[in-house]
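S.K.: Dropping a structure here in structure tokens format, bear with me for questions.
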Amino acid sequence: MPEPQSQAGRTAVVTGASSGIGRAIAERLAAAGAHVVLGGRTESAMNEAAARIEAAGGAATFVVGDVREPGVVQGLIDAAVAATGHVDVVVNNAGIADFGPILEGDAERWRALFDTNVVALLVGCQAGVRAMRHQGTPGHIVNVSSVAAQDPSSGVYGATKHAVNVISRTLRLELLEDPIKVTTIMPGVVATNMARSLDPSILTTLVALSGLDVELSAGERIPDEVLARAQAALSEFAARPEDIADAVLFAVSQPAGVHVAELVVRPNKDLQLT
């Protein structure tokens, strides 16, 4: 595979960039030369993510906020334009998971899932396209979905990711006359903080695989070292966030005449988590 082209001179917005897949995407795009604008909910984590990029020689700006709140996603686009005068890539990555049974769920949690995984993504698509059209320059929208979208019995979480796929395919048709591409990335199991939404017994297994003496509770942020060590132990069953970042860089690096519409990135073997 040829080396991805440089992203120098481009500005990329990445939501959910404080850890995991989002942070890896931001780091990969920055390493390729893009100025990245990161969005996330926790200021300390955002500071750390931006510092990692800058320490590696990249350029980063961050905005703290919850994508479910009005104006936050638009604020990220505005921050990108304010920082560099343009926005060229928007990666709608922010997402939350809930793998519980429908009959044990509640409406408030379902609203959070759809507001984060679907509505915020829609706002990101719309705001990104408007900025790109205003500039009159080529652009790229990348929507992070999941292989759960391909499973018709993947619950409410899978339903939100199926919606992401439908939105992406529809948006691509709406943009056929624009120099704006749309790519859907569908990761399989990846070692990220999304695991905190899993059954407590699985969290216990992750800690055991890491070899660290750490106590975790459901919903609690999982330390990076635990995730890295668990992924290394499960390398055949869990991809790395960097693997997904490589897919994003590949998609946005294609020449003008090539449109990578969908990419599925999964580990070699399936890991049954539910």
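S.K.: Once fully extended, how much extra length lies between residue 259 and residue 130, figured as 0.36 nm per residue of separation less the alpha-carbon to alpha-carbon distance?
M.R.: Length difference between fully extended and current span is 44.5 nm.
S.K.: May I ask for the net charge around residue 46, where only other residues with Cβ less than 13 Å from the Cβ of residue 46 are counted and Lys, Arg are +1 while Asp, Glu are -1?
M.R.: Overall, the nearby charge balance is -1.
S.K.: Also: What are the principal axis extents of the Cα atoms in the stretch 40-194, in Å, biggest first?
M.R.: Projected onto its principal axes, the Cα set of the stretch 40-194 covers 48, 41, 28 Å.
S.K.: Here is a further query. Just to verify a number: what accessible area does residue 169 come out at with the full protein assembly present, 1.4 Å probe, Å² rounded to tens?
M.R.: 120
S.K.: If only Cα atoms are counted, what is the Rg of the stretch 1-98, and what is its Dmax, in Å?
M.R.: When restricted to the Cα atoms of the stretch 1-98, Rg and Dmax are 12.6, 41 Å.
S.K.: To continue, here is another question. Restricting to Cα pairs below 8 Å that are 6+ residues apart, what does the relative contact order work out to for the stretch 1-51? Please round to a whole percent.
M.R.: The value is 40 percent.
S.K.: If you average the sequence gap of Cα pairs under 8 Å that are 6 or more apart and divide by the length of the stretch 17-90, what percent do you get for the contact order?
M.R.: Relative contact order here is 28 percent.
S.K.: Okay, moving on. Carbon and sulfur: what percent of the stretch 91-166's accessible surface (1.4 Å probe)?
M.R.: 58
The values are calculated or read from the model by the stated rules, or taken from the named source; none is laboratory data. The structure presented is a predicted model; accordingly, all values stated were derived computationally and were not measured. Don't worry about glycine lacking a Cβ; one is built from the backbone with ideal geometry, like all the others, and counts go over all protein chains shown. Surface accessibility is based on the protein's heavy atoms, side chains included, excluding ligands, DNA and RNA. Shrake-Rupley method; radii C 1.70, N 1.55, O 1.52, S 1.80 Å.
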